[in-house]
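To start, the structure itself, in structure tokens.
None of the figures in this text is laboratory data; all of them are computed from the coordinates on show. Because the structure is predicted, anything quoted here is derived from the model rather than measured. No Cβ is skipped: glycine too gets one built from the backbone with ideal geometry, and neighbour counts run over all protein chains shown.
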Amino acid sequence: MKEFGPLTRSRRWKLRPDLDHGQFHFLKKGHDGEPSRQVTVIVGYSFREAEEYVAVREQLLKGKHAEIVIARRADCTYVDPIREMSDADLRCELSDLALLFRNVNGPIIDVAANIDMIKSSEMV
């Protein structure tokens, strides 16, 4: 998507990617050169998935990494429960979040604190 270039069929429409928020915009220039119309396309297989992408990204920006890992594993039938995961597995899970949601300039992740929070939530 980031490689998607300008539209060549129309000189009046411009593409502006905003993948940090799970969307991209088509902007139509008016006769005066100013944008006169905007069409926003939400990225995802469904609107629900796109909304979830944006919601998770916002949680990451607030530093809620542990809560996201806990929620991702809460209802999954085919993954190991948190109580059976090692610290290294949890570190991988946290780094997977960083891979899926690149360029999230939220708080610096304190991995040890997040691992402790994740493991203590499983005890409750």
query: Does a label point 7 Å from the Cα of S120, set along Cα-to-beta-carbon, have any residues of the range 63-79 with amide nitrogen under 14 Å, and which are they?
result: 66-67
Set of aspartates and glutamates with alpha-carbon distance to K29 below 20 Å, sequence-local pairs under 8 removed: D18
query: Computed FRET efficiency, Cβ-Cβ of E34 and E58, R0 35 Å: what is it to the nearest 0.05?
result: 0.70
